[in-house]
Amino acid sequence: TLNFGNYDPLGTSSLDSVGNLEYFCSQPVPIVTITIDRGGAGSVLNRRMIKPGGHGTNVLHYNVYLDAAKTVIWGDGSQGSRIWSTPNPAVRTRINVPIYGRVPAGQDIGVGSYGDTLMITINF
């Protein structure tokens, strides 16, 4: 879960959050890859949270990233996004993978709760 907290449309700083994905391999595998879909948006480059029951301007743009600097969009490999991968992952060890999120500053939105659901796929 990424929880961005309260967004201030008049604020000048982006809202950042870090979530965690954990996986466990009980058998040796040659590679693990993790993709994240587009969510409710039509593009990994333009992910958006919506206000339940909202229409039109009730959209809050955000994205998820592979790196703490938030320069590499985590997606499904389309539109320049990248897929997380690791060859020969540790066996019988819980592996933690951080998910970095950012809501850019300067979005004119209405008051309320906003959300999106992303599907994460782990292939091994």
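Antiparallel beta bridges, as assigned by DSSP with both residues in the chain, represent about 95 percent of the total such bridges.
The HN-Hα couplings worked out from phi for segment 6-23 by the Karplus form 6.51 cos²θ - 1.76 cosθ + 1.60 (θ = phi - 60°) are 8, 9, 9, x, 8, x, 9, 10, 5, 9, 10, 8, 10, x, 9, 10, 10, 9 Hz, whole numbers, x standing for Gly and Pro. Approximating the spin labels as points 7 Å out from Cα along Cα→Cβ, the SER26-to-SER43 distance works out to 4.3 nm. Taking only alpha carbon atoms, the chain gives an Rg to Rh ratio of 1.02, where Rh is the Kirkwood radius. Using R0 = 22 Å, the C-beta based FRET efficiency linking GLN79 and MET119 works out to 0.85. Relative to the compact-globule estimate of 2.2 N^0.38 Å, the Cα radius of gyration of segment 1-49 comes out at 1.66.
Bear in mind these aren't lab numbers, they're just calculated from the coordinates by the rules spelled out. What you see is a predicted model, and the numbers here were worked out from it, not measured in a lab. Note that we place each Cβ from the backbone using ideal geometry, even for glycine, and neighbour counts take in every protein chain shown.
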